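Here's the structure, in structure tokens; my notes come after.
Read-outs: derived from the displayed coordinates by stated rules, not from any lab. Just so it is clear, the model here is predicted, and its values are computed rather than measured.
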């Protein structure tokens, strides 16, 4: 009930029914102040009871003039502590009050202090561990802001209530350290060695996504953004206007080819040479092209392939196979670090493809002045060496939706209106 200062003390003369009123008043003060010892600090004001026996019992503990019924008196804590020494050398007013009330005092304040200590430990652990993460993971996590993000998302509280907060945080950071760099992919089942299902559900995968700023979206999409494949049945390429060999797809239909099908896909060749396929990152572009064709009652289905985020190596190879089959390929993505990495991966896999509306001029057509730091290397856009310096200067990403009218016009016309063929540095 106390912090151990009662050991060896003679408490019985102090724990009489006649003194209960005094200890209850002191216990309430200890709770308010968050001070379970009450050995110093401002005097505690108490109301003197009417019963003569209660006043007489407290007369030796409250110094000064005689106690009068209903009177407000101030209890000097230093002097009361000195009076306690006669019953025990380490005895405190707070310890006596705790035993008199049958409970530990200042529980809320003590809990807050414990929470603060545990929170500070988590913050220190996170900051020190983040410093050793790979560069591309540190950029995702943002060591300067990650703790604030976790607190905002409620993860600090959730961690503190975990059976072993430090172990859970360390494990999540170990998973984050294995995330692939931009333009690469990894199977989610390989992120926790020896436990392929560790990231299926539960606190661990949710914490990894929170650490990397990927929470708030469906888990599969969030993992895809990080370059992580969940299985070979979901995900893959969304296509419209083109057909795998031997398949029949209704005109105008959009079909998702999962990784399992892409592993052995063969494409129907184009009917005419010089026919273009437009590869985009965001499903909104494919949807807008399909909706426009439907609204215009066009007899020609737009030929669009959507990677729905970071393309896997398998998806890049499937797009390269389109080029090998005779299609002309125009590829594009968002103007940001991940988007440029997508472009490099696609242009490397399909060397004859062209960068479609991914030039400096295209960027400037939609860019405003921003404050988002773009962590780009000079070689991140080998198809246009001026692009990276300009993106750094403007400090703002440009998304495919920002260029949507021009993209739809190209898709409708059947040829990219702005493209860069020379990407030998890719």
Largest first, please: the extent of the C-alpha atoms of region 360-426 along each principal axis, to the nearest Å. 35, 29, 13
Report the dimensions of region 271-426 along its three principal axes from the alpha-carbon atoms, largest first, rounded to Å. 44, 32, 23
Computed over the chain, the relative contact order (Cα-Cα under 8 Å, seq sep at least six) in percent reads 11 percent
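Tally the DSSP beta bridges in the chain and give the antiparallel ones as a percent, rounded to 5. All intermediate terms of the calculation are to be shown ahead of the outcome.
Values: 15 of 26 bridges.
Just about 60 percent of them are antiparallel.
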Report, in degrees rounded to the nearest 10, the 0 to 90 angle that the Cα long axis of helix 283-295 makes with the longest principal axis of the chain. 50 degrees
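Consider all pairwise Cα distances in region 58-168 and report the whole-number % of them above 22 Å. Intermediate results must be reported in sequence, preceding the final value.
Values: 3565 of 6105 pairs.
Everything past 22 Å amounts to 58 percent.
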Cα atoms only: what Rg and Dmax, in Å, come out for region 328-401? 11.5, 37
Using only Cα atoms, what Kirkwood radius does region 12-105 have, in angstroms? 13.1 Å
In deg cm²/dmol, rounded to the nearest 500, the helical mean residue ellipticity at 222 nm of the chain, built from -39500 (n - 2.57) for every DSSP H run of length 4 or more, is -12500 deg cm²/dmol
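Relative contact order of region 12-105: what whole-number percent is it, with Cα pairs under 8 angstrom and at least 6 residues apart?
40 percent
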Longest principal axis of the chain (C-alpha) makes with the long axis of helix 165-177 (C-alpha) an angle, in degrees to the nearest 10, of 20 degrees
Specify which labelled value, from (1) 43; (2) 47; (3) 16, agrees with percent of Cα pairs over 38 Å apart derived from the coordinates of the model shown. (2)
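Do you know the relative contact order of region 63-148, to the nearest whole percent, from alpha carbon pairs under 8 angstrom that are 6+ apart? Write out the running numbers ahead of the final one.
On the way: 21 pairs, mean separation 11.4, N = 86.
Taking the mean separation of contacting Cα pairs over the length of region 63-148, I get 13 percent.
Rounded to the nearest 5, what % of DSSP beta bridges with both residues in region 237-420 are antiparallel? Show your work: numbers first, answer last.
Values: 11 of 20 bridges.
Just about 55 percent of them are antiparallel.
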Which value, to two decimals, describes the C-alpha radius of gyration of region 116-223 once divided by 2.2 N^0.38 Å? 1.01
Could you give the spread of the C-alpha atoms of region 196-340 along their three principal axes, from largest to smallest, in whole angstroms? 52, 32, 28
